[in-house]
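All of the numbers you see were taken from the coordinates with simple rules; none came from a lab. If you're wondering where the values come from, they're calculated on a predicted model, not measured in any experiment. Every residue, glycine among them, receives a Cβ derived from its backbone with ideal geometry; neighbour counts consider all protein chains shown.
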Amino acid sequence: MALLEDLTAFFNPDEFGTRALLDWVEVVGIFNNKPSQAFDLMSTSMPTFTLPTARCADVRVGSELQVGATIAAYPMSGGGVLSAAAGQSTRYRVCAPPEPSGTGLTTLRLELLP
């Protein structure tokens, strides 16, 4: 059952949202890369990206997410347009099956790409 609350502000890049390219499609979601600690001995992070379920229907393990990137169009001499990623971005791979919450949101678990 989808949430009845308006979550627009959370997915607004001028508020809390983070722009990204998900398999070369522009999306906005909530990026979380907060480190977690185990027994005060080691620190690790499991980055996640949460977005509306409707925006990630074709995502699977191995899909690529470029956090901070957008699509830019560059005119080519002789006509046509070249589309490329623009902006400072960090590349991640979806490393686990998408986790729909049942409320209209899905969380993607990520691992950093070299």
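When the alpha-carbon atoms of segment 8-112 are used, the pair Rg, Dmax equals 15.6, 61 angstrom.
With a cut-off of 15 Å between beta carbons, the residues surrounding CYS95 carry a summed charge of 0, where Lys and Arg count +1 and Asp and Glu -1.
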